[in-house]
Every structure is written in structure tokens, then in C-alpha cells.
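To keep things clear, I will list the structure first and then write my remarks on it.
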Amino acid sequence: VMSYNLLADSHVWKHRAELYRGTRDDLLAWAPRLRGIAREVKLLRPDVLGVQECEDFDGVSRALASDGYEGLHAPRSGEKLDGSSVFYDSTKFECVGFEAIDFSTSGLMHNAAAIARLRPIRGDGPPIVVGCVHLLFNPQRGDKKLGQLRVFIDRVEANRAAMAETSDRTPRAMLLGDFNAEPGSDLYRFVSRGVLDVTRVNRREMSGVLDAGARAYDDVGMDRHDARQVRDMMTALEGNRGRVAHSMRGKLVSAYASVNGGTEPRATSCHGKFTGTVDYVFLGDGVHARRVLMPPSAPTRGIPNEEYPSDHFSVVADVFFDE
């Protein structure tokens, strides 16, 4: 299984001056980057692929179709042009259900998530629910990111439970994406622990460091000095005495951390304002990582470049299931 933030073409040119200064235009252009992405997918041959910042869904679909992939797309709302997509090897799976989440319908900004229900064609494995998400970047809006994260996880579990009603085997779940949260952050711990006491966290620090110089990379949204934000987290998220929980509590583990002694890669993203880890593969109950593909351990320059077609490295895990 692979997760990959493709770096939307419109984001490249909007933020070129601050994030990709010194990178040649031919390395930033979408057409050659798409070819590089397709080559990487062809080389690694994931059974399931979740992509974020997918702006040219038709183009990506055509590029992957020759290798047997089919995909489904959840576009962002508002003026955003990209979205989240799930692709799967159509020789191994059939899609029996799909949900596109527009977080703005819950008052949680214009981000999107895609959830696909996949059934193995040959019956040699459990049905799986794959969720792909790109959470809000803005480090100042931890309240919105927490809301998005809880909605996403709860919808993945709802799809898994619905699939279980018509399946002989227990459906398994995998969560892929750019979570815009660093290892050890409150949001990261919320995924794995399943609960967060919002009265004890600073909404501006819930994601981890996420270089403050990159704040212009997304919408500020509301006044970050608004004193109502803590109350918003407790009321809008329906916290029980200030505690917010998700429906897969205690059932999610990071694929990378599970095989690396509890640690994540040093960096899954590297550009002019930030180098760090924000991309993850989280595995649900009954799914285990056998091995993972490690990104470069110490990137010395920003990406994209001649070797890597996005400002994120792909994260890839070889997984197996309980019987």
C-alpha cells in the first residue's frame, strides 16, 4: 500500500517564490512530474494507492491505467482545484462502495477525503476499507484539523462496519494520507490513542512544529486570536468533559513506527520552508506491516528535483492480515 502527496500544479506556481526558489521550471512542470510519479508507481506496484493534492485526476488515471489501476476521486470544495483519490489494482480488487468527504459541510474548511470499499476478486483475502485524507495545513487551526481527523476516522469505521454486514470475513481498514501533523504531536497521538483532552492542549501546537514561516501556505480561516476556540473544540466536536474520542480507539498503528521501534522517518516532505514527517500509513485492527520503504534519511536539498517528482516522498508499506 502506498500514500503519495503529488504536489498540485497550482500550488507549485502559487508558492514558487517561498517554497521552491532555485528549482528549475522544467523540474516543477506538471507533465514531467506526472511521468515521474507514474514511473515510481510502476516500479513499486502497490495494490492500493492513496494520493493527495490530486489536481489532474483524469491525467493521473490515464497514466496509471496501463498498469491496471482504477481510481476514485474526492475533490476539494471552494476555490481549491485538487483533492484526494484512491487507486487500486483492478486485477486484484473490485470497488463495491465509495464515499467522498467534503469537510466544509461540517464547517471544517475546504479539505477532502476519499474512502473506498474494496473486495478481493479472487477471494484470497479480507475486504478492505481504504481512507485517503489531506488534512488542513494551517498550524494555527488545530481545532479544525482535529475535527477533520475525527470525522475522517469515524467515517472509515462506519464504512468498515457497513461492509461487515455483508461480508463473511472481517473487513480491515487502512488510513493513508498527508495528516499535516508531526510524530509526537497531539494530533498524531489522537490517531493512535483514540482520545484527546482538548482542555490541556494548545490549538496552535497540536500539529507539532510545522515551520511557522510556511503559514502562508494555506488559509488562515478565522481570527487565530479568537478566545472562543477552546469552547469550539469542546462544543463543535461534542467532547465529553473536554475529551474528544474517535471510533477506532486503540485499533490504529503506524506502519512505519511498528517496524522501526516506534519511530517514524526523519522526513517525508522537504521544501524551502519545512523538512519533516507528515505522511503516514495507519493500519487498523488485524492489519500488520511486514516491511516499509524508507525515504532518504537526510535530504540535503528541497524537492522536487531530478529524482523525486513531488515535494513529498511516497510512503509505502508491505502489509498482511490476520486470518
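Tell me, which residue of region 172-184 that is modelled with pLDDT of 95 or more and in a loop (DSSP other than H, G, I, E, B) is surrounded by the fewest Cβ atoms within 10 Å (Cβ to Cβ)? My answer is E182.
Residues are listed down the side, and each one gets a yes or a no for (1) of a type outside the set (A, V, I, L, M); (2) at pLDDT below 50; (3) on the phi > 0 side of the Ramachandran plot:
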{"residue": "V220", "(1), (2), (3)": "no, yes, no"}
{"residue": "D223", "(1), (2), (3)": "yes, yes, no"}
{"residue": "V244", "(1), (2), (3)": "no, no, no"}
{"residue": "G262", "(1), (2), (3)": "yes, no, yes"}
{"residue": "A267", "(1), (2), (3)": "no, no, no"}
{"residue": "F274", "(1), (2), (3)": "yes, no, no"}
{"residue": "T277", "(1), (2), (3)": "yes, no, no"}
{"residue": "V281", "(1), (2), (3)": "no, no, no"}
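In region 240-266, the qualifying residues are those that are of a type in the set (S, T, N, Q) and not in a strand (DSSP E or B), and the one that is farthest from D197 (Cα to Cα) is N260.
Taken over region 106-136, the criterion of being within 23 Å of R204 (Cα to Cα) and surrounded by fewer than 21 Cβ atoms within 10 Å (Cβ to Cβ) is satisfied by S106, G107, H110. Say we look at region 25-54 and pick out the residues that are of a type outside the set (D, E) and assigned to a loop (DSSP other than H, G, I, E, B); which of these is surrounded by the fewest Cβ atoms within 10 Å (Cβ to Cβ)? Residue satisfying both the conditions and the ranking: R45.
In region 8-24, the count of residues that are of a type in the set (G, A, S) and not in a helix (DSSP H, G or I) is one or more. Reported count of residues in region 150-192, each being touching a residue at least 12 places away in the same chain (Cβ under 8 Å) and in contact with a Leu (Cβ under 9 Å, 6 or more places away or on another chain), is 22.
D58: part of a helix (DSSP H, G or I), over 24 Å from L293 (Cβ atoms) and touching a helix residue (DSSP H, G or I) at 6+ places or on another chain (Cβ under 7 Å), yes or no? Steps first, answer last, please.
On the way: part of a helix (DSSP H, G or I): yes; over 24 Å from L293 (Cβ atoms): yes; touching a helix residue (DSSP H, G or I) at 6+ places or on another chain (Cβ under 7 Å): no.
Answer is no for this residue.
In region 121-142, is there at least one residue being closer than 30 Å to D168 by Cα and among the aromatic types (F, W, Y)? Before you say what the answer is, go through the steps one by one.
Initial filter on region 121-142 (closer than 30 Å to D168 by Cα): 121-133.
In the following step, the residues that additionally are among the aromatic types (F, W, Y) were identified as none.
No, that holds for no residue.
Annotation: R141 fulfils all but one of (1) touching a residue at least 12 places away in the same chain (Cβ under 8 Å); (2) at positive phi; the unmet one is (2).
Of all residues in region 51-75, those that are without any contact (Cβ under 8 Å) to a residue 60 or more places away in the chain have Cβ atoms under 6 Å from Cβ atoms of residues that are of a type in the set (V, I, T) and surrounded by fewer than 18 Cβ atoms within 10 Å (Cβ to Cβ), 6 or more apart or on another chain, in G68/T91.
The values are calculated or read from the model by the stated rules, or taken from the named source; none is laboratory data. What you are looking at is a predicted structure, and each value in this text was computed from that prediction instead of being measured. Methodologically, a virtual Cβ is constructed for each residue, glycine included, from the backbone with ideal geometry; neighbour enumeration extends over all protein chains shown.
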